[in-house]
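Colleague: Following this message is one structure expressed as structure tokens.
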Amino acid sequence: MINTTDNPHIDPNWREKYADMIVTPEAAVRRIKHGQRVFIGTACGEPLALVRALSARGPKLSDVEIVHLLTFGEAPYASRQLEGLFTVNSFFVAQNVRGMIQEGLGNYTPIFLSDIPRLFSSGRLPLDAALIQVSPPDHRGMVSLGISVDIVKSAAENASLVIAQVNEYFPRTMGNSFISVYDLDLLAPVNEPLVERPAVEINDVTDAIGRNIASLVDDYSTVELGIGRIPQAAMLHLAGKKDLGVHTEMITDGIIDLVESGVVTGTRKKLDREKVVASFAIGTRKLFDYVSNNSKFAFHPTEYVNDPFVIAQHRKMVAINTALEVDLTGQVCADSIGSKFFSGIGGQVDFNRGAARSIGGKAIIALPSTARNGAVSRIVSHLTPGAGVVTTRGDVHYIVTEYGVAYMHGKSAAERAMALIAIAHPDFRAELVERAIEAKLLRPEKREIEGVIAINPREMKTSMALRDGTQINFRSILPTDETNVRDMLYHISEKSIRFRFMTEIQRFPYHQIQNFVYIDNRKDVAIVGYMPAAHGDEIIAMGRYYLDETTNRAEVAFVVRDEWQGKGIGAFMLEILAKTARRNGIKGLTATVLRENMAMQAVFNKKADMQVKSSLEGDVYYFQMDFVE
């Protein structure tokens, strides 16, 4: 047990002091009448003894509506045997009530989690009774709502009858988690272990998604992590980050390692500095023991934790949530599979909007690229008939799969479609291109590139520091770079254009830009150097090689924006392309350089790790650079 009678935080005489309020669970639920609406506490904080007693009383009741956010324990009130006696109305569809709701024998109320407390306080959803679980009272007569503050605090404050299971196993958590024992009506002391939810197994797909998510989390960010495998995988890849903060509706066991390792310190948070803020916890005994009387954690009600205005006040707020399906315009379905309700809106929109308004914030929606063991794509041309939109195309920012990251906000419909097709499973990309063309999202010319839409290997990502400390990032070129590449080419000088293309060019046709960004990643490899910008990556350099299969040598070429030339960027890109070519079994590199382009000649002549030969024909140098075995 966490809270024993000799615990200094607990009043050892509480049973005698509040004897007139103490009853058995069976006696307590006899106060519940026909036709009433009864709230049940959340998740691992579910008052199991009271639920069992209420369900046993079911045959003597009728038309009792059970309201809850989500529960993980037994839900005997949601059984066919008690149909008509109890009706479930859930704000989030958990597994224990999903069958009844999908069969039409229960109800799901779609609502933003931040709005639920106002349902109770406004009287729009009046509660006749609330069954909750609390820690034993302390010397001040205060009990803690422990690992389930969320909407439970509002329910306890607004229900006509509040029945509390007092459990010495229940954690006493810090924050706005306390209520007076005199705000309760009945106390039912029952000591029993809590519902536990062990961590789910991480597979290769969710691990890759977690890695992609973690790449978006900067040092000193404040993060929110939703429920499920993907947020759990993301937590595993946050190791090595500096001074992260946490402001989230839910925590799991994974938070322990992040706090203990010093990854999560909260020292850079604007609000609740040095505190892990949550509204409820889902996990195991280890987590419950860890948060009990732990001043590093602050549990607050949903109306605070999920308030988008509060969320937005954190700098670099990163919201990480999941989806079931995303269409090519960016509409996110997260609570249903077709017309069948599967989960709930929860806090996705609350945190998505809050993070989007945060300075330096990122709103992330993640999902595996496929479902049903790879049989169907989760990125679709149109949402499944009946599917609901949780996050609108206007609200969406980042979409992440195991194949990469698509940035959506402020992008055109065509740009969105290409970004999402690029991170869809390869088996479905060609079909998605065709469907997007049929829907007039993409031009018919896109049929030419459906075989080379790919996200490149992680090892292509790197960075360099200039002499003044400026960091330049490098990665493989992406289909979504079409607009950025065009912008870069139109912002370099005529001289730089001539050096790169060996001729005078006034305009770059659509097909030429398309050929720059759609590559097969072996015969053609392209990288870009970029600086992060508010609108996405600002490309300042581009390097590429083209394989001549008859000689097994690849021709390399580079272009760097004029203001960034002379800083070693071209030489750095040559190193990346040379390593990639060697890894792909290519014999060496070639290049053609105008005689007046002495800077690029110097770059090639300095390749000490390659056998470099050059010859001058007219105004052009021809370089052959073979790898040394």
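The values are calculated or read from the model by the stated rules, or taken from the named source; none is laboratory data. Because the structure is predicted, anything quoted here is derived from the model rather than measured. Don't worry about glycine lacking a Cβ; one is built from the backbone with ideal geometry, like all the others, and counts go over all protein chains shown.
Colleague: Quick check on this structure: which one of 406, 356, 417 is touching a helix residue (DSSP H, G or I) at 6+ places or on another chain (Cβ under 6 Å) and under 25 Å from residue 221 (Cβ atoms)? Outline the logic, then answer.
Modeller: On the way: 356 fails: touching a helix residue (DSSP H, G or I) at 6+ places or on another chain (Cβ under 6 Å); 417 fails: under 25 Å from residue 221 (Cβ atoms).
From the options 406, 356, 417, the qualifying one is 406.
Condition check ((1) closer than 19 Å to residue 185 by Cα; (2) modelled with pLDDT under 95; (3) of a type outside the set (Val, Ile, Thr)) across all residues:
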{"residue": "8", "(1), (2), (3)": "no, yes, yes"}
{"residue": "16", "(1), (2), (3)": "yes, no, yes"}
{"residue": "19", "(1), (2), (3)": "yes, no, yes"}
{"residue": "26", "(1), (2), (3)": "yes, no, yes"}
{"residue": "29", "(1), (2), (3)": "yes, no, no"}
{"residue": "43", "(1), (2), (3)": "no, yes, yes"}
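Colleague: If residue 182 satisfies all but one of (1) modelled with pLDDT of 95 or more; (2) under 20 Å from residue 361 (Cβ atoms); (3) not acidic (Asp, Glu), what's the number of the condition it fails?
Modeller: Residue 182 satisfies every listed condition except (2).
Colleague: Of the conditions (1) out of contact with any Ser or Thr (no Cβ under 7 Å at 6 or more places or on another chain); (2) of a type in the set (S, T, N, Q); (3) touching a residue at least 40 places away in the same chain (Cβ under 8 Å); (4) under 30 Å from residue 222 (Cα atoms), residue 401 clears all except one; give me its number.
Modeller: If we test residue 401 against (1) out of contact with any Ser or Thr (no Cβ under 7 Å at 6 or more places or on another chain); (2) of a type in the set (S, T, N, Q); (3) touching a residue at least 40 places away in the same chain (Cβ under 8 Å); (4) under 30 Å from residue 222 (Cα atoms), just (1) comes out false.
Colleague: May I ask you to list the residues in segment 565-596 that are of a type outside the set (Lys, Arg), more than 41 Å from the chain's Cα centre (by Cα) and more than 15 Å from residue 543 (Cβ to Cβ)?
Modeller: 588, 594, 596
Colleague: Might you check whether a residue that is buried (at least 18 other Cβ atoms within 10 Å of the Cβ), β-branched (Val, Ile, Thr) and without any contact (Cβ under 8 Å) to a residue 60 or more places away in the chain occurs anywhere in segment 354-369?
Modeller: Yes, segment 354-369 contains a residue that is buried (at least 18 other Cβ atoms within 10 Å of the Cβ), β-branched (Val, Ile, Thr) and without any contact (Cβ under 8 Å) to a residue 60 or more places away in the chain.
Colleague: Taking the condition of being part of a loop (DSSP other than H, G, I, E, B) and either modelled with pLDDT under 90 or surrounded by fewer than 18 Cβ atoms within 10 Å (Cβ to Cβ) (or both), how many residues in segment 71-92 meet it?
Modeller: Residues that pass the stated criteria total 6.
Colleague: For segment 601-629, which residues satisfy the criterion of being within 15 Å of residue 545 (Cα to Cα) and touching a residue at least 60 places away in the same chain (Cβ under 8 Å)?
Modeller: Residues satisfying the conditions are 624, 626.
Colleague: Looking at 221, 177, 215, which one is polar (S, T, N, Q), out of contact with any Cys (no Cβ under 7 Å at 6 or more places or on another chain), modelled with pLDDT under 95 and within 26 Å of residue 244 (Cβ to Cβ)?
Modeller: 215
Colleague: So which of 12, 47, 25 is free of Cβ contacts under 8 Å to residues at least 24 places away in the same chain and at negative phi?
Modeller: Of 12, 47, 25, the one residue that is free of Cβ contacts under 8 Å to residues at least 24 places away in the same chain and at negative phi is 12.
Colleague: In addition: Output the residues belonging to segment 409-441 that are touching a strand residue (DSSP E or B) at 6+ places or on another chain (Cβ under 9 Å), among the hydrophobic types (A, V, I, L, M, F, W, C) and over 30 Å from residue 360 (Cβ atoms).
Modeller: The answer is 428, 432.
Colleague: Out of (1) buried (at least 23 other Cβ atoms within 10 Å of the Cβ); (2) over 33 Å from the mean Cα position of the chain (by Cα), the odd one out for residue 35 is which?
Modeller: Among (1) buried (at least 23 other Cβ atoms within 10 Å of the Cβ); (2) over 33 Å from the mean Cα position of the chain (by Cα), residue 35 violates only (1).
Colleague: State which residue is surrounded by the fewest Cβ atoms within 10 Å (Cβ to Cβ) when the search covers only segment 577-629 and only residues that are hydroxyl-bearing (Ser, Thr, Tyr) and in a strand (DSSP E or B).
Modeller: Ranking the qualifying residues of segment 577-629, first place goes to 615.
Colleague: Check off (1) touching a residue at least 40 places away in the same chain (Cβ under 8 Å); (2) farther than 18 Å from residue 502 by Cβ; (3) buried (at least 17 other Cβ atoms within 10 Å of the Cβ); (4) hydrophobic (A, V, I, L, M, F, W, C) for residue 531 and give me the number that stays unchecked.
Modeller: (3)
Colleague: In the same structural domain as residue 485 (by TED's automatic domain parsing) and at pLDDT 90 or above: does that describe residue 571?
Modeller: Yes.
Colleague: Would segment 375-389 turn up any residue that is over 19 Å from residue 333 (Cβ atoms) and of a type in the set (D, E, K, R)?
Modeller: No, segment 375-389 has no match at all.
Colleague: Looking at segment 93-117, I want the residues that are under 17 Å from residue 249 (Cβ atoms) and surrounded by 22 or more Cβ atoms within 10 Å (Cβ to Cβ) and have a partner that is at pLDDT below 95 and polar (S, T, N, Q) with Cβ atoms under 7 Å, at least 6 apart or on another chain. Which pairs are those?
Modeller: What qualifies is 93/343.
Colleague: Name the residue, out of 20, 63, that is of a type in the set (Asp, Glu), assigned by TED's automatic domain parsing to the domain that holds residue 109 and without any contact (Cβ under 8 Å) to a residue 12 or more places away in the chain.
Modeller: After applying the criteria, what remains is 20.
Colleague: Okay, moving on. Examine segment 468-485 for a residue that is in the same structural domain as residue 598 (by TED's automatic domain parsing), at pLDDT below 90, farther than 26 Å from residue 401 by Cα and surrounded by 15 or more Cβ atoms within 10 Å (Cβ to Cβ), and state whether such a residue exists.
Modeller: No, segment 468-485 has no match at all.
Colleague: While we're looking at this one, here's another question. Going through segment 198-228 one residue at a time, which ones are small (Gly, Ala, Ser) and buried (at least 23 other Cβ atoms within 10 Å of the Cβ)?
Modeller: Narrowing segment 198-228 to residues small (Gly, Ala, Ser): 199, 208, 210, 214-215, 221, 226, 228.
Result: 210, 221, 226.
Colleague: Filtering segment 172-213 down to residues that are in a strand (DSSP E or B) and of a type outside the set (Ser, Thr, Tyr), which residue is farthest from residue 294 (Cα to Cα)?
Modeller: Keep residues of segment 172-213 that are in a strand (DSSP E or B), which gives 175, 178-180, 186-189.
Right, trim to of a type outside the set (Ser, Thr, Tyr) and you get 175, 178-179, 186-189.
On the way: 175: 10, 178: 14, 179: 18, 186: 28, 187: 25, 188: 26, 189: 24 Å.
Per the stated criteria, the residue is 186.
Colleague: For segment 106-134, what are the residues that are over 25 Å from residue 83 (Cα atoms) and of a type in the set (Gly, Ala, Ser)?
Modeller: Result: 114, 121, 122, 123.
Colleague: Mind counting the residues in segment 354-399 that are among the small types (Gly, Ala, Ser) and under 25 Å from residue 92 (Cα atoms)? Let's see the steps before the verdict.
Modeller: Looking only at segment 354-399, we keep the residues that are among the small types (Gly, Ala, Ser), and these are 354-356, 358, 360-361, 363, 366, 369, 371, 374-375, 377, 381, 386-388, 394.
Narrowing further to those that are under 25 Å from residue 92 (Cα atoms): 354-356, 363, 366, 369, 371, 377, 386-388, 394.
Of the residues in segment 354-399, 12 are among the small types (Gly, Ala, Ser) and under 25 Å from residue 92 (Cα atoms).
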